[in-house]
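The values are calculated or read from the model by the stated rules, or taken from the named source; none is laboratory data. These numbers were taken from a predicted model, which means no experiment stands behind them. Cβ placement follows ideal geometry from the backbone for every residue including glycine, while neighbour counts extend to all protein chains displayed. Surface areas here come from the heavy atoms of the whole protein model, side chains and all, with no ligands, DNA or RNA. Shrake-Rupley method; radii C 1.70, N 1.55, O 1.52, S 1.80 Å.
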Amino acid sequence: MNTFDDNDQRNHPRPDDNDFSRMVNTLLSRRQLLGTAGAGLGLFLGGQGMAQAANSGAQVGPRIGFKPVAANSLDTITVPAGYQWRVLASWGDAILPGGTAFDPATRGTAISQGLSIGDNNDGMSFFSFSADHGVIAVNNEYANYEYLFANGRCVSIEDARKAQAAHGVSVFEVRRVGGVWKLQPQARLNRRITANTEMRLSGPAAGSALLKTMADPTGTVVLGTFNNCANGRTPWGTYLTCEENFNGYFGSAESLPDNPAFKRYGISAKGAGQNWFPFDGRFDLAKNPNEPNRFGWVVEIDPMDPTSTPIKRTALGRIKHENAEVVVNADGYVVVYMGDDEKGEHIYKFVSSKKFDPNNLKANRDLLDEGTLYVARFATVDGQAQGEGEWLELKHGKNGLTVEAGFKDQAEILVHTRLAATVVGATTMDRPEWVAVHPTQAQVYVTLTNNSDRGVKPNQAPNGPNPRVKNVYGQIVRWTPQGNDHTSHRFTWDIFALAGNPTLHKDAYAGSANITPDNMFNSPDGLAFDRDGRLWIQTDGNYSNAKAFEGMGNNQMLCANPVTGEIQRFMVGPVACEITGVAFTTDQKTMFVGIQHPGEKLAPSHFPQGGESVPRSSIIAISRRDGGVVGA
Ligand code: FEO
Ligand code: CA
Ligand code: CA
């Protein structure tokens, strides 16, 4: 979701506003030092990862072979010379029998929307059947009412149903025909999952009193998923879709009693403007106070069976989930890393109780129901851009998570995960977005997109991985688990990149030494490694190209070498879009990329069709004209 409002120039401090001067000075001196002595080596902030890289001598990381593109504010896609892009699928494209072509006059009905790709495509995964055939599962995070509705507002149950049908997940087959990947309308696996699709709650919180409603006295059956932000995929072939800003969909005309959990999750009678609750009582907090507890989960979907019931995995906790990065540890335990995207929230990991069985994929189906949830504490040493950290167990009876502290049982810890994280002493972060694990090394990266509250709110003093007050640019932090063991309780961390604007600033807001006038960006969000270890960074930031963001242009996608720290701009998106969602074909010769909300808030975009057309969120396919590996 767009974060423009957080990136207001008015929030940007002058250097002397900043009482975190020691950190700034350290970053500055490193920048200056490395800018002269280390520039040719691409050195940046240092830290353990760098030390390891330096010690390994010849280690130079993956090749980044394209000629980077300049920032721009055009209403199109810009890719490097020798690359090409095509639209694969857009909001409103029919994928199910009975679906109709997108109608630019009405923008469809509740029924046609439910047979077509939803709005605001976000995280996605590609599941390959052969070199030329696969299925894409993609989140449809929210709906742009300014385009979904002719009058821009949801004012009836019919409108609410149409908006609900524009949310959820779209699953559709794609084939490469004559070198071009194409959506396969009405293919066997095509499916729409919406805010009204029946799902099951499973894991330790399923059946809890907190999850029971009048419509579901069992606390195990829930309708739908919405605000599905980023994603994950499991080694047993399922798709994970992550519920993020679910809170704003609930509201009430009545005033509500004080509720600390509602407060922490941002649930209030006011809602956030989706306006479903006046027409659909399920979203009325006075009538259904437990309904919001049934959202904020990671949902597992089998994309190979369009009749399967999606499952909300409560063991992974209830937060405003960004993505769910799954890694099988060397000993077979499954680890899922997750960010909670809100100012001052936290980073989590789940470790399964049972091991992954590569020889019997079906045996893994419920691995995400049983395990231990942890939250991260980063040890902060004043003035250091690196340090140690630990994972704190969120388990009833441990670390102060007792009945006296307000947690009746483990279910309550999982439903009110944020409250539990505060009790155990988790580190407040600058809006954790995607987490990405290196394909061959035990290294984990996270985007911390921005945080206008850092240094402003009392519980958000600057700390090691979140060093800048009123952080409008964001940073990428990484850690290495102790002993290269993802189940370890300890890790060491450093900052991979501090985004900034080196043409405007000379202090820490210039960014780390690997940020230059040629690659600068703000608000890193989407993050994923390719097979070769290139780190792809997508932005969801301020696209004004003005003031603090001058020279950054539209939202963009960059490619980084995690060993040298080199970062190059690979792509620029159209007007007022966010770049989010990335997937590769098995041969890595095609990269699918999400272009979300071009023209949001009625900004002048007509992407992708041009002319005077309605702008539509789309997935594009990027490839090299010479047929080579993308990025190499
Ligand atoms: Fe949906 Fe945190 O981005
Ligand atoms: Ca995001
Ligand atoms: Ca974001």
ask   = Can you find a residue in region 429-442 that is at positive phi and within 16 Å of ligand 3 (Cβ to nearest atom)?
value = yes
task = Among the residues of region 365-394, write down those that are open to solvent by 40 Å² or more (accessible area, probe 1.4 Å) and not in a loop (DSSP other than H, G, I, E, B).
result = ARG377, GLN386, GLU388, GLU390
ask   = Which members of region 495-529 meet the condition of being of a type in the set (Gly, Ala, Ser) and within 16 Å of ligand 3 (Cβ to nearest atom)?
value = ALA499, SER523, GLY526, ALA528
request  = Please work out if GLY551 is within 16 Å of ligand 1 (Cβ to nearest atom) and either surrounded by 24 or more Cβ atoms within 10 Å (Cβ to Cβ) or farther than 27 Å from MET338 by Cα (or both).
outcome  = no
inquiry  = Checking the condition open to solvent by less than 20 Å² (accessible area, probe 1.4 Å), touching a residue at least 60 places away in the same chain (Cβ under 8 Å), touching a helix residue (DSSP H, G or I) at 6+ places or on another chain (Cβ under 9 Å) and more than 16 Å from ligand 1 (Cβ to nearest atom), which residue from LEU419, LEU401, LEU414 passes?
reply    = LEU414
key: Boolean, GLY296 is within 16 Å of ligand 2 (Cβ to nearest atom), crowded, with 19+ Cβ neighbours inside 10 Å and in contact (Cβ under 8 Å) with a residue 24 or more places away in the chain   = yes
key: Residues satisfying the stated conditions in region 136-158, i.e. at pLDDT 95 or above, of a type in the set (S, T, N, Q) and more than 27 Å from the chain's Cα centre (by Cα)   = SER156
Selected residue (criterion: farthest from ALA89 (Cα to Cα)) from residues of region 108-157 that are in a strand (DSSP E or B) and aromatic (Phe, Trp, Tyr) = PHE129
inquiry  = Can you tell me which residue is nearest to ligand 3 (Cβ to nearest atom) among those in region 563-599 that are open to solvent by 10 Å² or more (accessible area, probe 1.4 Å) and either outside any strand (DSSP E or B) or out of contact with any strand residue (DSSP E or B) (no Cβ under 9 Å at 6 or more places or on another chain) (or both)?
reply    = VAL575
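Let's see how each residue does on (1) acidic (Asp, Glu); (2) free of Cβ contacts under 8 Å to residues at least 60 places away in the same chain; (3) within 16 Å of ligand 2 (Cβ to nearest atom):
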position: ALA105; (1), (2), (3): no, yes, no
position: ASN120; (1), (2), (3): no, no, yes
position: GLU141; (1), (2), (3): yes, no, yes
position: GLU158; (1), (2), (3): yes, yes, no
position: ALA205; (1), (2), (3): no, no, no
remark   = Taking region 344-355 and keeping only residues that are away from ligand 2 (no atom under 14 Å from the Cβ) and surrounded by 21 or more Cβ atoms within 10 Å (Cβ to Cβ), one is left with HIS346, ILE347, TYR348, LYS349, PHE350, SER352
message = The conditions are (1) in contact with a strand residue (DSSP E or B) (Cβ under 8 Å, 6 or more places away or on another chain); (2) within 27 Å of ILE476 (Cβ to Cβ), and LYS312 fails exactly one of them. Which is it?
response = (2)
inquiry  = Being open to solvent by less than 20 Å² (accessible area, probe 1.4 Å) and aromatic (Phe, Trp, Tyr) is the filter here; which residues of region 145-169 pass it?
reply    = PHE149
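Conditions tested, residue by residue: (1) farther than 30 Å from LYS506 by Cα; (2) of a type in the set (Phe, Trp, Tyr).
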position: ASP532; (1), (2): yes, no
position: ALA546; (1), (2): no, no
position: GLN556; (1), (2): no, no
position: PRO562; (1), (2): no, no
position: PHE570; (1), (2): no, yes
position: THR585; (1), (2): yes, no
position: GLN596; (1), (2): yes, no
position: GLY610; (1), (2): yes, no
position: ILE619; (1), (2): yes, no
request  = Return only the number of the condition from (1) touching a Phe, Trp or Tyr at 6+ places or on another chain (Cβ under 7 Å); (2) of a type outside the set (A, V, I, L, M); (3) under 12 Å from LYS312 (Cβ atoms) that THR220 does not satisfy.
outcome  = (1)
note = Of SER512, SER523, the only residue that is touching a helix residue (DSSP H, G or I) at 6+ places or on another chain (Cβ under 7 Å), within 16 Å of ligand 2 (Cβ to nearest atom), over 17 Å from TYR83 (Cβ atoms) and among the small types (Gly, Ala, Ser) is SER523
Count - residues of region 317-343 that are within 16 Å of ligand 1 (Cβ to nearest atom) and either open to solvent by 30 Å² or more (accessible area, probe 1.4 Å) or under 14 Å from the mean Cα position of the chain (by Cα) (or both) = 14
note = Filtering region 237-246 down to residues that are open to solvent by 10 Å² or more (accessible area, probe 1.4 Å) and either assigned to a strand (DSSP E or B) or away from ligand 3 (no atom under 16 Å from the Cβ) (or both) yields GLY237
inquiry  = Condition (residue is assigned to a strand (DSSP E or B), away from ligand 3 (no atom under 16 Å from the Cβ) and crowded, with 22+ Cβ neighbours inside 10 Å) applied to region 249-266: is it met by at least one residue?
reply    = yes
